[in-house]
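Undergrad: Next up is a structure, given as structure tokens.
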Amino acid sequence: MTSSQPSGLGAEYADTASEAYRAALQVIESVEPRVAEATRKELEDQRSSLKLIASENYASPAVLLTMGTWFSDKYAEGTVGHRFYAACQNVDTVEALAAEHARELFGAPYAYAQPHSGIDANLVAYWAILATRVEAPALAELGAKHVNDLSEADWETLRNRMGNQRLMGMSLDTGGHLTHGFRPNISGKMFHQRQYGTDPTTGFIDYSAVAAAVREFKPLVLVAGYSAYPRRINFAKMREIADEVGATLMVDMAHFAGLVAGKVFTGDEDPVPFAHVTTTTTHKSLRGPRGGLVLATEEYAPAVDKGCPMVLGGPLSHVMAAKAVALAEARQPAFREYAQAVADNAQSLANGFLKRDAALVTGGTDNHLVLLDVTSFGLTGRQAESALLDAGIVTNRNAIPADPNGAWYTSGIRLGTPALTTRGFGADDFDRVAELVVEVLQNTQPAAGPNGPSKAKYTLADGTAERVHAAATELLDANPLYPGLTL
Ligand SMILES: *Cc1c(COP(=O)(O)O)cnc(C)c1O
């Protein structure tokens, strides 16, 4: 990476950022010292642990500092230039910038920067799809301009129609997200839902099976996207499948937006040209503030634009400002290098496991994450997650397809490369990470609880945690988090 390009961790302005944080913490300390202390401790803990949580990253100090301002004090319901509150001119500036950067970065006709999170972005998308595909035509049919003009009987007709639409998404245990029609989630109740899975033998999406399921169920909404699927998706095919039954294709790229932004996923693997509506988080591989975005075609834009106050609470203007900064960073050439490194490092991590005989769901990866099947170590995901944490390795347990241990204990560990790649970890470092993970798991034994075998209890062989933690610390020290930042 050349020094003229941003590192992602703000090394080029670390002295100034240090001054800013020192002053900020001093101010906080004078009011509630325990918050200042926890804030300092959080940085220490993040600096000293091997963060492999696939949905986490490290935003730049520029992004983080942007969130700590008086934009937080402003109400700005409505949209740019059309607010329900007065004096929103500066919010307009930052929201318009965030949306413009998002449109340019992703090549989308329209971007909505207000969603507070990925789940909120999905709710806005679902609402916008229902408003566009069901509510608007129903109003026309009933001869009304507005829902307030409907008779009680017509209102009942409209509500019944909106509440009985069909949605199909990827099942949770094969890598989908709970907002993709999982029954306990509101998406599984506001829609009549059915789920598609992956091929039981290969673990890959079987497009002909998805097409057959869609042809049979005829959903209004087909959702593509995932939280724990270690492979790329062919969105051209998904759009073809959706078109066959006139479904709206919604893609939730929360996990892999950074790979889209960084042009690792192009052509059929770039969802934006194929989806009617694309949603994302901004804090995962995209490396921005905690938040969400919705991208849409012109057809869905007017309904998405009404997200707040129809679905969302008042916009977080300070976070929209930070989205604008993060998206500006993602438009730099250095971000493409970063995204490519995220994918290359995932290859190295996967190969590191495979050559040490650890089993991976789908046998590998071609995105930013791997899903390690820990049943071959005789462990549950819960036991593996806890043992790894004892050694300073932060991962999360995750269900594998048809998981014998269910969604709580699970049989898998999900590991991602976005965060450590931001710290500067390279391919060799990720091979070493795989070695350390395997070393911990090989030295972990399930233990019995008071009532017999336990899915949570375990013992770690003496010295393992200390030995692995020391090795992890070497890697971390060689790739410091926020280099030059001193509190
Ligand atoms: C993380 C994630 C979300 C939820 O994002 P939040 O910001 O936590 O609300 C939604 N969809 C997918 C696919 C995700 O991976």
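Undergrad: Which of the residues spanning segment 209-261 are among the hydrophobic types (A, V, I, L, M, F, W, C), under 24 Å from Ile400 (Cβ atoms) and part of a loop (DSSP other than H, G, I, E, B)?
TA: Passing the criteria: Ala228, Ile233, Met253, Ala254, Phe256.
Undergrad: Can I ask one more? For segment 85-105, name all the residues that are touching a residue at least 24 places away in the same chain (Cβ under 8 Å) and either within 16 Å of the ligand (Cβ to nearest atom) or among the aliphatic types (A, V, I, L, M) (or both).
TA: Hits for segment 85-105 are Val91, Val94, Leu97, Ala98, Ala102, Leu105.
Undergrad: Let me ask something additional. Restricting to segment 189-207, name every residue that is within 21 Å of Ile400 (Cβ to Cβ), of a type outside the set (Ser, Thr, Tyr) and not in a strand (DSSP E or B).
TA: Scanning segment 189-207 gives Gly197, Asp199, Pro200, Gly203, Phe204, Ile205, Asp206.
Undergrad: Of all residues in segment 261-273, how many are in contact with a Leu (Cβ under 7 Å, 6 or more places away or on another chain) and either over 18 Å from Tyr112 (Cα atoms) or more than 16 Å from the ligand (Cβ to nearest atom) (or both)?
TA: We begin by selecting, within segment 261-273, every residue in contact with a Leu (Cβ under 7 Å, 6 or more places away or on another chain); these are 261, 265, 272.
Filter once more, keeping what is either over 18 Å from Tyr112 (Cα atoms) or more than 16 Å from the ligand (Cβ to nearest atom) (or both): 265.
Residues meeting the conditions: 1.
Undergrad: Show the residue pairs meeting these rules: Cβ distance below 9 Å; 6+ apart or different chains; first residue within segment 466-487 and in contact (Cβ under 8 Å) with a residue 12 or more places away in the chain; second residue aromatic (Phe, Trp, Tyr) and part of a helix (DSSP H, G or I).
TA: Every condition considered, the pairs that remain are Gly484/Tyr13; Leu485/Tyr21; Thr486/Tyr21; Leu487/Tyr21.
Undergrad: Oh, and also: Inspect segment 148-166 for any residue being within 30 Å of Ala24 (Cβ to Cβ) and surrounded by fewer than 20 Cβ atoms within 10 Å (Cβ to Cβ) and give the result as yes or no.
TA: In the first step, residues of segment 148-166 are kept if they are within 30 Å of Ala24 (Cβ to Cβ); the result is none.
The answer is no; no qualifying residue exists.
Undergrad: State whether one or more residues within segment 244-260 are within 16 Å of the ligand (Cβ to nearest atom), over 24 Å from Ala128 (Cα atoms) and not basic (Lys, Arg). Reasoning before the result, please.
TA: Of segment 244-260, the ones within 16 Å of the ligand (Cβ to nearest atom) are 249-260.
Next cut, over 24 Å from Ala128 (Cα atoms) only: 258-259.
Imposing the further condition that a residue be not basic (Lys, Arg) reduces the set to 258-259.
Yes - at least one qualifying residue is present in segment 244-260.
Undergrad: If I filter segment 71-82 for residues that are assigned to a strand (DSSP E or B), within 16 Å of the ligand (Cβ to nearest atom) and not charged (D, E, K, R), do I get at least one hit? Let's see the steps before the verdict.
TA: Step one: filter segment 71-82 for residues assigned to a strand (DSSP E or B), giving 78-79, 82.
From what's left, within 16 Å of the ligand (Cβ to nearest atom): none.
Looking for residues that are assigned to a strand (DSSP E or B), within 16 Å of the ligand (Cβ to nearest atom) and not charged (D, E, K, R), one finds none in segment 71-82, hence no.
Undergrad: Turning to a different aspect of this structure: Which condition number in (1) over 20 Å from Leu259 (Cα atoms); (2) surrounded by 15 or more Cβ atoms within 10 Å (Cβ to Cβ) is the one that Val27 fails?
TA: Result: Val27 fails condition (2) only.
Undergrad: Any residue in segment 213-227 that's within 10 Å of the ligand (Cβ to nearest atom): show its pairings with residues that are charged (D, E, K, R) at Cβ separation under 6 Å, as long as the two are six or more apart or on different chains.
TA: If the second residue must be charged (D, E, K, R), the pairs left are Gly225/Asp252.
Undergrad: Right, next: Inside segment 316-435, counting only helices (runs of 4 or more DSSP H) that do not spill past its ends, which hold 2 or more residues that are touching a residue at least 12 places away in the same chain (Cβ under 8 Å), farther than 22 Å from Gly225 by Cβ and touching a Pro at 6+ places or on another chain (Cβ under 8 Å)? It would help to see each step written out before you state the result.
TA: Numbers: elements: 317-330, 333-354, 381-390, 406-409, 418-423.
Those helices (runs of 4 or more DSSP H) span 317-330.
Undergrad: Of all residues in segment 107-144, which are within 16 Å of the ligand (Cβ to nearest atom), within 19 Å of the chain's Cα centre (by Cα) and either closer than 28 Å to Val245 by Cβ or not in a loop (DSSP other than H, G, I, E, B) (or both)?
TA: Hits for segment 107-144 are Tyr112, Pro115, Gly118, Ile119, Asp120, Ala121, Asn122, Leu123, Val124, Ala125, Tyr126.
Undergrad: Now for a different question. Go through (1) more than 17 Å from the chain's Cα centre (by Cα); (2) buried (at least 22 other Cβ atoms within 10 Å of the Cβ) and name the single condition Gly197 misses.
TA: Gly197 satisfies every listed condition except (2).
Undergrad: Another question, then. Might you let me know whether segment 291-304 holds any residue that is within 11 Å of the ligand (Cβ to nearest atom), farther than 23 Å from Ala96 by Cβ and crowded, with 18+ Cβ neighbours inside 10 Å? Don't jump to the end; show me each part of the working.
TA: Just the residues of segment 291-304 that are within 11 Å of the ligand (Cβ to nearest atom), to begin with: 291-293.
Right, trim to farther than 23 Å from Ala96 by Cβ and you get none.
Scanning segment 291-304, I find no residue that is within 11 Å of the ligand (Cβ to nearest atom), farther than 23 Å from Ala96 by Cβ and crowded, with 18+ Cβ neighbours inside 10 Å, so the answer is no.
Every number in this text was worked out from the coordinates using simple rules, so none of it is lab data. Note that the structure is predicted; figures quoted are calculated from it, not measured. Every residue, glycine as well, gets a Cβ built from its backbone with ideal geometry; the counts of neighbours run over all protein chains shown.
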